[in-house]
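So the structure is just underneath, and the comments pick up after that.
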Amino acid sequence: DQKQTIYFGAGPAKIPQSVLLQAQQELLNYSGTGISVLEMSHRSADFNKILNKSEGLLRELWNIPDNYKVMFLQGGGSGQFSGVPLNLIGLKEDKCADYLVTGTWSSKAAKEAEKYGKVNIVHPKLDAYTKIPDPSSWTLNPSASYVYYCANETVNGVEFNFMPETNGVILVCDMSSNFMSRPVDVSKFGVIFGGAQKNIGCAGVTVVIVREDLLGHALKECPIVLDYKVQAEMNSLYNTPPSFSIYIMGLVLEWTKNNGGCAAMETLSKQKSSMIYDVINASSNFYACPVDTACRSRMNVTFRVGKKEGDEALEKKFVEGASKRGMMALKGHRSVGGIRVSLYNSITVEETEALAAFMKEFQKEHQ
Ligand code: PLP
């Protein structure tokens, strides 16, 4: 059966239907092997091909330079909140790191890093995660081991549309929720990581891209499964990797490539998110997006309904009304309330159009 649901979930998120169908078709007998990928030894030649295909597509789509290692790890984005400081905070003697805290996820990452060294929040603390402090207000520490930021704050709907300037200090980025949604110059980063469950696959695998010269500096208490040097040298096979998730990621990346790659995903993401922001902007404050225009996310559009601080009864009606039309998972994160529309790569323009039309209709009915 074709799915009738339009799924706007923030992650795990929609996977292109063609990918699900292919996975279904291959589930019992993968490519004539007589077994399922779910059953396959991670040390077999067949799985090696799957692993290499996923890595090759990642490298191709983002043009990842040869002096970067690509790893497929477990532990999610949150695992890397620990993995990053455990591997990098010891790069310099002071064991100190600079963090930009622009939302829920970078805040969690900074807290985790405090367990392993000194953390400096480089800008005045924000009382609400609705903007990115102007770089002129940042105080970067030249002896920091790295500068950390989250490119897209999934909960708050805040996205960087620029790359922080770090004066030569290693730049580390959590791209979990805007991975492969635009071209990225990987050579500008020390580490990029992201869970696959939003733009590039399903839960279980976390991609970590690391520049080779940063390997081998892990603190001695770093768990071996999070040790970049060990995992990079063993091609992510120190222990059993999340094999099925790596396979699904390969299929999603193939879909991404066949649909124009990152440049096309960027164009579409601008088009889709503008459709929703345009409705918000033209709504005479019936819909209100709290995020500064300059950093409104292309991936997660957050807004309140009825009034600026949100009319909760009306928001409930909005979610119910959308759900009756097959549009699911629009409720905002419990910490911020309101509505959140996740527009990852697999969401189509038509699906976004359907939501924009519903928003206009809902306003007419309830204003
Ligand atoms: N970073 C970002 C930007 C996220 O959106 C999330 C999860 O939604 C995480 C990190 C945490 O990822 P995980 O749940 O895979 O640990």
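The values are calculated or read from the model by the stated rules, or taken from the named source; none is laboratory data. Model, not experiment: these values are computed from the prediction. Don't worry about glycine lacking a Cβ; one is built from the backbone with ideal geometry, like all the others, and counts go over all protein chains shown. These accessible areas exclude ligands, DNA and RNA; they are computed on the full protein's heavy atoms, side chains included. Shrake-Rupley method; radii C 1.70, N 1.55, O 1.52, S 1.80 Å.
Return the single residue from Val230, Val210, Val155 with maximal mean-square fluctuation; model: Gaussian network over the chain, springs between Cα atoms under 10 Å.
Evaluated over the chain, the most mobile residue of the options is Val230.
Go ahead and set up a Gaussian network model of the chain, Cα springs under 10 Å, then flag whichever of Leu251, Leu20, Leu330 fluctuates most.
Top of the fluctuation ranking is Leu20.
Using a 1.4 angstrom probe, figure out how much accessible area the range 1-97 has per residue, in square angstrom, rounded to the nearest whole.
51
Within the P(r) computed for the range 185-299, what percentage of the Cα pairs occupies the region above 20 Å? Working shown, then result.
Numbers: 3949 of 6555 pairs.
The proportion of pairs with Cα distances above 20 Å equals 60 percent.
Looking only at the chain, where both bridge partners belong to it, what percent of the DSSP beta bridges are antiparallel (to the nearest 5)?
In the chain, approximately 60 percent of DSSP beta bridges are antiparallel ones.
Could you tell me how many cubic angstrom of Cα convex hull volume the range 1-91 has per residue?
Roughly 164 Å³ of hull volume per residue.
Name the residue farthest towards the positive end of the dipole of the chain from the options Ile35, Thr206, Phe303, assuming +1 on Cβ of Lys and Arg, -1 on Cβ of Asp and Glu, about the Cα centre.
Phe303
Where Rh denotes the Kirkwood radius from the mean inverse Cα pair distance, what is Rg over Rh for the range 85-224?
Result for the range 85-224 is an Rg/Rh of 0.93.
Accessible area per residue for the range 220-300 in Å², computed with a 1.4 Å probe and the full protein assembly in place, what is it?
Value for the range 220-300: 42 Å² per residue.
Could you look at the range 1-65 and say what percent of its accessible area is carbon and sulfur, using a 1.4 Å probe and all protein chains?
With neighbouring chains kept in place, the figure for the range 1-65 is 49 percent.
If N is the number of residues in the chain, what value comes out of its Cα radius of gyration divided by 2.2 N^0.38 Å?
Taking the Cα Rg and dividing by 2.2 N^0.38 Å, one obtains 1.01.
Percent of accessible area on the range 149-207 owned by carbon and sulfur, 1.4 Å probe?
Details: 670 of 1370 Å².
Carbon plus sulfur share of accessible area: 49 percent.
With equal scatterers on the alpha carbons only and no solvent term, can you work out the Debye log10 of I(q)/I(0) for the range 196-261 at 0.17 1/Å?
Cα-only, vacuum Debye calculation for the range 196-261: -0.70.
Of the accessible area of the range 244-362, with the probe set at 1.4 angstrom, what percent is carbon plus sulfur? Intermediate values should be presented prior to the final figure.
Working: 2530 of 5060 Å².
Ligands and nucleic acids excluded, carbon and sulfur reach 50 percent.
Using 7 Å Cα-to-Cβ label points, what is the Ser31/Glu221 separation (nm, one decimal)?
4.3
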